[in-house]
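Undergrad: First, the structure itself, so that you have it in front of you.
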Amino acid sequence: MLAAGQSKRFGANKLISRPAVNCEPLMIGAVKRTLAVPNEHFLLVTGKWHSDILQALNTYGLENITYVYNAQWQSGLSTSIRAGVAHLLANCTDVTHIMITLADLPRVDEESLGRLVEHSRLNEDAIVCSEFNNQKGVPAIFPVQYANALCNLSGDKGAKSIIASESAQKGRVISVSHSEAGIDIDTPEDWERYRSQSST
């Protein structure tokens, strides 16, 4: 899970600065829901707000979360992906697939991520990505053979470029309807819209 951004458009640490509808910070809920999905290795990539995030994890009883600090967070999203993938490959010899998800997706939950996992089990050699708002993106599951491509990403871009390039080849990308992934929190306005919709 990626949680290394600087929340520039939000103007504060959006991941822990405001309680979600269930009274937990955005990131805490996202971590709990992702941990509920069967997985061998959960890894949280932190960046600018590293110390605050670790404190929040401890506050909510998530002290044993494995994390990696991305010291290059200012250089963009790709550096967080590279840091996370490199850590997994160096420390986990049994990795076959890598799921990439974000900490600012409040509606993504165990059930919606589980749909991706099921499709990945049926299509082990394909990238399984989320489809929402007429686009393809993360959360997504990459077979480990895409690790080099993920580690070669650069700039402030994520894995969408890999998904887009591989989509041109039949059978290499399986897209799964995932409307929950279309709601992310980038600005205070996004937050208020989400809260109002969730309370109705």
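The values are calculated or read from the model by the stated rules, or taken from the named source; none is laboratory data. All of these numbers come straight from a predicted model, not from anything done at the bench. So basically every Cβ, Gly included, is an ideal-geometry build from the backbone, and we count neighbours across all protein chains shown.
Undergrad: Checking Ser17 against (1) hydroxyl-bearing (Ser, Thr, Tyr); (2) under 16 Å from the mean Cα position of the chain (by Cα); (3) outside any helix (DSSP H, G or I), which test does it fail?
TA: With (1) hydroxyl-bearing (Ser, Thr, Tyr); (2) under 16 Å from the mean Cα position of the chain (by Cα); (3) outside any helix (DSSP H, G or I) applied to Ser17, the lone miss is (2).
Undergrad: What number of residues within region 84-108 satisfy the criterion of being of a type outside the set (Val, Ile, Thr) and within 15 Å of Phe42 (Cβ to Cβ)?
TA: Adding up the residues that qualify gives 10.
Undergrad: Testing His87 on (1) in a helix (DSSP H, G or I); (2) closer than 19 Å to Ile127 by Cβ, one condition comes back false. Which one is that?
TA: (2)
Undergrad: Something else now. Answer yes or no: is there a residue in region 75-94 that is surrounded by 19 or more Cβ atoms within 10 Å (Cβ to Cβ) and more than 23 Å from Gln145 (Cα to Cα).
TA: There is no residue in region 75-94 that is surrounded by 19 or more Cβ atoms within 10 Å (Cβ to Cβ) and more than 23 Å from Gln145 (Cα to Cα).
Undergrad: Which pairs turn up if I take residues in region 21-43 that are farther than 14 Å from Leu105 by Cα and part of a helix (DSSP H, G or I) and look for partners that are hydrophobic (A, V, I, L, M, F, W, C) and at pLDDT 90 or above with beta carbon separation below 7 Å, at least 6 apart in sequence or on another chain?
TA: Leu35/Phe42
Undergrad: Just give me the residues in region 36-68 being surrounded by fewer than 17 Cβ atoms within 10 Å (Cβ to Cβ) and aromatic (Phe, Trp, Tyr), in sequence order.
TA: If the condition is that a residue be surrounded by fewer than 17 Cβ atoms within 10 Å (Cβ to Cβ) and aromatic (Phe, Trp, Tyr), then Phe42, Tyr60 are the ones that fit.
Undergrad: Consider region 136-176. How many of its residues are farther than 25 Å from Gln72 by Cβ and modelled with pLDDT under 95?
TA: Result for region 136-176: 5.
Undergrad: Still on this model: Can you tell me which of (1) touching a Leu at 6+ places or on another chain (Cβ under 7 Å); (2) over 25 Å from Thr187 (Cα atoms); (3) assigned to a loop (DSSP other than H, G, I, E, B) is the one Gly61 doesn't meet?
TA: All conditions are met except number (1).
Undergrad: Going through region 130-146 one residue at a time, which ones are under 16 Å from the mean Cα position of the chain (by Cα) and of a type in the set (A, V, I, L, M)?
TA: Val138, Ala140, Ile141, listed by residue number.
Undergrad: Within region 18-38, is there a residue that is within 30 Å of Asn148 (Cβ to Cβ) and in contact with a Pro (Cβ under 8 Å, 6 or more places away or on another chain)?
TA: Checked against the condition, which is being within 30 Å of Asn148 (Cβ to Cβ) and in contact with a Pro (Cβ under 8 Å, 6 or more places away or on another chain), region 18-38 yields at least one hit.
Undergrad: May I pose another question? Regarding Glu131, is this residue of a type in the set (Asp, Glu), buried (at least 16 other Cβ atoms within 10 Å of the Cβ), without any contact (Cβ under 8 Å) to a residue 60 or more places away in the chain and within 30 Å of Pro25 (Cβ to Cβ)?
TA: For Glu131, the condition - of a type in the set (Asp, Glu), buried (at least 16 other Cβ atoms within 10 Å of the Cβ), without any contact (Cβ under 8 Å) to a residue 60 or more places away in the chain and within 30 Å of Pro25 (Cβ to Cβ) - is met.
Undergrad: Let me ask something else about it. Just to be sure before I move on: is Ser78 in a helix (DSSP H, G or I), hydroxyl-bearing (Ser, Thr, Tyr) and in contact (Cβ under 8 Å) with a residue 12 or more places away in the chain in the structure I sent?
TA: Yes.
Undergrad: Could you grab me the full set of residues in region 90-114 that are farther than 27 Å from Ile16 by Cα, outside any loop (DSSP other than H, G, I, E, B) and either of a type in the set (Gly, Ala, Ser) or out of contact with any helix residue (DSSP H, G or I) (no Cβ under 7 Å at 6 or more places or on another chain) (or both)?
TA: Ala90, Asn91
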